[in-house]
Amino acid sequence: MHIGDTLLIARDLVMVAEDQLSSGNTAEIIDTSALVDGDGDDIRLPRYRVLIDEVGERDCSCTILERLE
């Protein structure tokens with residue numbers, strides 16, 4: 001994932017309250033397809049702030065705004 005990419009993300013993976021799940025709002029997502037190095041058994045997944053562009057019945061179109069640490 002790169003800043004500015006637009007992705008189709010399952011609604012249940014967009015971390016925002018249901019009443020805030022609407023176009024124009026921001027939310028956080030976790031990239032479950034990539035691992036970030038951790039110490040020992042500490043496994044961390046990258047998190048991103050996204051802009052919700054469009055909300056569908058099952059998926060949301062979102063634009064990556066920034067990577068969160």
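The values are calculated or read from the model by the stated rules, or taken from the named source; none is laboratory data. This one's a predicted model, so the numbers in the text were calculated from it and none came from an experiment. Side chains included, ligands, DNA and RNA excluded: accessible areas come from the protein's heavy atoms. Shrake-Rupley method; radii C 1.70, N 1.55, O 1.52, S 1.80 Å.
Brief remarks follow.
- 1.4 Å probe accessible area per residue over the chain, in Å²: 69
- In order along region 47-53, the Karplus-derived 3J(HN,Hα) couplings, from 6.51 cos²θ - 1.76 cosθ + 1.60 at θ = phi - 60°, round to 10, 9, 9, 10, 9, 7, 8 Hz, and Gly and Pro are given as x.
- Length released on extending from Glu69 to Leu8, taking residue separation times 0.36 nm less the Cα-Cα span: 19.7 nm
- Across the chain, C-alpha contacts under 8 Å between residues 6 or more apart give a mean separation that, scaled by the residue count, equals a relative contact order of 39 percent.
- Label assignment, Cα extents along the principal axes in Å derived from the structure, set (1) 36, 22, 20; (2) 39, 22, 16; (3) 35, 29, 20: (2)
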